[in-house]
Amino acid sequence: FDPRHQLGTHCHGFPKTGPHRLRFLLESVKDLRETLKKRGSTLVVRKGKPEDVVCDLITQLGSVRAVVFHEEVREIL
C-alpha cells in the first residue's frame, strides 16, 4: 500500500483513497490472501513507497529473476 494514496489529489484535494475505498481494498486483499493460502501460495503485503518496498523485497528474497508491475494512469485535465 502506497501511503501517497492517502494524500489529496492534485486537482480537487480529495483523498485518492477514502475510508470506504480503503475498507474495500483491505477486504479484497484479505480475501485474496486467504484464497491463495488455500491453494498453497501466499501474498506479500507491505506499506510504503513501491520503489523502496520492491527493492527491499528483492534484497530479502535474494533470487529474484523478474519483477512485474503496473503504473497508475494519471488523470490529465
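No lab work stands behind these numbers, since they all come straight from the coordinates. Please read these numbers as outputs of a predicted model, since none were measured by experiment.
The lysines whose alpha-carbon is closer than 19 Å to the alpha-carbon of Lys49, local same-chain residues fewer than 8 away aside, are Lys16.
Couplings for segment 54-59, taken from phi via the Karplus curve 6.51 cos²θ - 1.76 cosθ + 1.60 with θ = phi - 60°, read 5, 4, 4, 5, 4, 5 Hz in order; Gly and Pro are left as x.
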